[in-house]
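For reference, the structure discussed in these notes is given below.
The values are calculated or read from the model by the stated rules, or taken from the named source; none is laboratory data. Note that the structure is a prediction, hence the values are computed from the model and not measured. Don't worry about glycine lacking a Cβ; one is built from the backbone with ideal geometry, like all the others, and counts go over all protein chains shown.
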Amino acid sequence: MTGSGGPVDGTWEVQEADGVVLVQDAGRPGHAHLGVPRSGWLDPAAARAALRLVGDPDDAALLEVALGGLALRATDDRWVALTGTARDVRVDGRAAAYGRAVRVPAGAVLSLGPPRAGVRSWLAIGGGVTVPPVLGSRSTDTLSGLGPARLRTGDLLPLGEPAAPGVEEPPYVVGGAARAGGAGHGAPVELRVDPGPRLDRLALEAWARLTTTVWTAAAGDRVGVRLDGPALEHAETSELASEGLVLGAVQVPPDGRPLVFLADHPTTGGYPVAAVVRAADLGGCAQLRPGDPVRFVAGR
């Protein structure tokens, strides 16, 4: 992003950024041996749906908007689309569609309200966000600090050459905790898991307890989500050498409360990994608020 200065066509102005607004794309896999996480969007299905709606390729960069609102002033005509958790979408104060391609004319202000439930939405802007790539990706990595800084009021957002909007699709369906109602309401978010490489370092009943308990989200960010519930006891308490971690790893620290690692996870860790969440289910973790229920389901 650029700082102050007159915006030109293809460079939209950030008029307001109340929440955590980050640039994300498909991430930078393949650098774990350098200690660099993959990063990238937390819900690939939601992000790619937004990109398709505006005619952008699947590897284009868009905005991930967490919690608060966002307002952008357009300097040229572009299509935009919002997926993820639902928010009020307005163009110059007039209500616009969620989960559909929306035309924003030059000079208009696109504004997003706070989420109705859940945490994160993905905003695609025709042409994609064209901040300089780092290690092949434009994603912000909150753990290592690679990539562009979070958006601030007054930033100028560079955009690429827009394409025609994508093929008309059915309205995007909110998933995960957002569909369940968020904030501790509704059915638990279900995460399919397979046994992890260090399950044998936990007590014999740990797997049954992990997959029969309704856990509660305690805290979370792009690195991972910590859960509350009955402690998973360690059978082996000797120190475990640090070893590689993968996306979706369910690590069990000494307090016995599981931690699910997400896109910005560290590349190594020294606590036992009891399970691994299947990648297709991790999008639900992107919408978890403290108090939301979570259930691990043995893979099938």
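Go through Ala61, Ala86 for me and flag whichever is touching a residue at least 12 places away in the same chain (Cβ under 8 Å) and in contact with a helix residue (DSSP H, G or I) (Cβ under 8 Å, 6 or more places away or on another chain).
Ala86
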If Gln251 satisfies all but one of (1) surrounded by 15 or more Cβ atoms within 10 Å (Cβ to Cβ); (2) at pLDDT below 95, what's the number of the condition it fails?
(2)
With the first residue restricted to the range 20-45 and required to be assigned by TED's automatic domain parsing to the domain that holds Leu159 and among the acidic types (Asp, Glu), and the second required to be surrounded by 18 or more Cβ atoms within 10 Å (Cβ to Cβ) and modelled with pLDDT of 90 or more, Cβ contacts under 6 Å at 6 or more apart or on different chains are Asp25/Ala61; Asp25/Ser137; Asp25/Arg138; Asp25/Ser139; Asp43/Gly283; Asp43/Ala286
Within the range 270-286, identify whether any single residue is part of a loop (DSSP other than H, G, I, E, B) and either among the polar types (S, T, N, Q) or free of Cβ contacts under 8 Å to residues at least 40 places away in the same chain (or both), and answer yes or no.
yes
Restricting attention to the range 128-155, report how many residues are of a type in the set (Ser, Thr, Tyr), crowded, with 23+ Cβ neighbours inside 10 Å and part of a loop (DSSP other than H, G, I, E, B).
2
For residues that are in a loop (DSSP other than H, G, I, E, B) and under 17 Å from Val277 (Cβ atoms), scanning just the range 199-235, find the one that is nearest to the chain's Cα centre (by Cα).
Arg222
Counting just the residues of the range 188-214 that are farther than 21 Å from Ala286 by Cβ and in contact with an Asp or Glu (Cβ under 7 Å, 6 or more places away or on another chain), which one comes out surrounded by the fewest Cβ atoms within 10 Å (Cβ to Cβ)?
Ala203
Could you tell me whether Val260 is within 22 Å of Asp141 (Cα to Cα) and in a loop (DSSP other than H, G, I, E, B)?
no
I need every pair where a residue in the range 289-300 that is under 11 Å from Glu190 (Cβ atoms) has its Cβ under 8 Å from the Cβ of a residue that is part of a loop (DSSP other than H, G, I, E, B) and among the hydroxyl-bearing types (Ser, Thr, Tyr), sequence separation at least 6 or different chains.
Arg295/Thr213; Phe296/Thr213
